[in-house]
Amino acid sequence: MNTLLIALSVAVVLLLLCVFYLTIHKGSNKELTVLSEMLFRSQAELAGRITQLSENNQNAQNKIAEAINEQKISVLKIMDEKLLAVTKSVGDGLQQSTTKTAETLHDLRERLAKIDVAQQKISSLSEQVVSLQEVLSNKQARGAFGEIQLNDLVTSTLPPSAYAFQVVLSNQKRADCVLNLPNPPGMIVIDSKFPLESYQALRNAQNDREKLEAERFFRASVLKHIKDIAEKYIIPGETAESALMFLPSESIYAELHSNFTDVIEVSYRSKVWIVSPTTLMATLNTVRAVLKDARMREMAGVIQKEVGCLIEDISRLDDRVDNLSKHFEMAAKDIGEIKVSSGKISRRVDKIEDIQLGQERVPTGVEHLAS
């Protein structure tokens, strides 16, 4: 299109140059007329070409506009589809995020509720610890605490007839608990009053000097307590030759056996056995086995008599089983004979049926009877 415009423009310029040349050189009228006609024809052709070119250009512009419009519509459609897809994806993502956020908040609320419950339990436990410290700081309350723990251990392990609490002995001393065992060993006394102040001083020592003094105080307190138990609760002819000193704390028991072996040796010589809640439980289980064995010995005569009766019953049962076996054998023999008779009867019935059907030769006597 641009080439055609250039060609037409060049033709017009050449014609104008020719006219200008003829005018200058004063050509004849005939030549001017011919040249003018040629110029007019060229102008007409040029005008036609320009008109056609304009129309073509207009059509091309219309087609381009239509193509651009179609492309714009297609692009807008694609953009709308992509926008809808993006909007849907964003909406789904927001929905999922909202759901996850709601679940997270729900879990967070549950965990906060659990934390609140745990906090309440911790607060309650702190109050109980403070109460326990108050109990342990009071000597009488501490003694009651040891007695309660001893009571729980004994009552949960032994039968009621095997123990008693707050028993007054012949020397007018009150025992926290006694175990009623058969002789030997006899009645065993358990004491639960332990001097805890000396152990607390040992645990609270800040330097070597305080620790040394606390160890001396602790050793002296425990030795005195061992001596008191041996003098109060070991009575020849009334109690066993030994007694038990109950420690309501495993840490004190471990401290004695770890760092005060001399005190343990003194307790052995004094026949005062030091026990903790764990070792007392093992001791009580042993006592339970001893009581069971003693009960078995007491009931040995009854058991022996019952065993004799059981043997007689078993012998009588054997005789009756033998008799029943004989009856079964006789019944089996009778059943066998009955089967033999039944077989004979069946065979005779078969022969009679064969005679009636003429399948077997009739004996002479039978033919005569038949005639």
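The values are calculated or read from the model by the stated rules, or taken from the named source; none is laboratory data. Everything numeric in this text was worked out from a predicted model, so none of it was measured. As a convention, Cβ positions derive from the backbone with ideal geometry for all residues, glycine included, and neighbour counts pool all protein chains shown. The protein model used for the area step is the full one, side chains on, heavy atoms only, and it has no ligands, DNA or RNA in it. Shrake-Rupley method; radii C 1.70, N 1.55, O 1.52, S 1.80 Å.
Mind checking the full-extension length gain between LYS63 and ASN285? Use 0.36 nm per residue of separation minus the Cα-Cα distance, one decimal, nm.
Between LYS63 and ASN285, full extension yields an extra 69.0 nm.
When we measure straight from the Cα of LYS100, which lysines land under 28 angstrom away, once same-chain ones fewer than 8 places off are left out?
The reachable lysines, counting only those whose Cα sits under 28 Å from LYS100, are LYS82, LYS88, LYS114.
Using label points projected 7 Å from each Cα along Cα→Cβ, tell me how many nm separate VAL86 and ASP354, to one decimal.
With each label point 7 Å from Cα toward Cβ, the separation is 11.0 nm.
Ranked by accessible surface with a 1.4 Å probe, highest first, in what order do PHE328, PHE194 come?
Accessible-area ranking of PHE328, PHE194, largest first: PHE328, PHE194.
Aspartates and glutamates within cross-link reach of LYS77: Cα-Cα under 14 Å, excluding same-chain residues under 8 positions apart?
Here the aspartates and glutamates satisfying the reach criterion relative to LYS77 do not exist.
Between SER74 and GLN95, what FRET efficiency comes out of the Förster formula 1/(1 + (r/R0)^6) with R0 = 30 Å and r the beta carbon distance, rounded to 0.05?
Efficiency, rounded to the nearest 0.05: 0.45.
Counting only protein chains, not ligands or nucleic acids, how are LEU84, LEU202 ordered by accessible area (probe 1.4 Å), most first?
LEU84, LEU202
Compute the length gained on full extension between GLU312 and ALA294: take 0.36 nm times their separation in residues and subtract their Cα-Cα distance, giving the result in nm to one decimal.
Answer, rounded to one decimal: 3.7 nm.
Measure up LYS232/LYS292; LYS193/LYS232; LYS211/LYS232; LYS193/LYS227 against 20 Å on the Cα-Cα distance and list the ones that go over.
Checking Cα-Cα distances, LYS232/LYS292; LYS211/LYS232 exceed 20 Å.
Starting at 0 and stepping by 5 Å, how many percent of the alpha carbon pairs of segment 73-117 end up in each bin?
7, 18, 14, 11, 11, 9, 8, 7, 5, 5, 3, 2, 1
Roughly speaking, what is the stretch gain from GLU213 to HIS327, that is 0.36 nm per residue apart minus the C-alpha to C-alpha distance, in nm to one decimal?
Between GLU213 and HIS327, full extension yields 31.7 nm more.
For ILE345 paired with ALA102, estimate the spin-label separation in nm (one decimal), with each label point 7 Å from Cα along the Cα-to-Cβ line.
8.8 nm
In nm, give the distance between the simple-model label positions of ILE148 and ARG41, each being 7 Å from the Cα along the Cα-to-Cβ direction.
13.7 nm
Under 13 Å Cα to Cα from LYS72, which aspartates and glutamates show up? Leave out anything in the same chain fewer than 8 places away.
The reachable aspartates and glutamates, counting only those whose Cα sits under 13 Å from LYS72, are ASP80.
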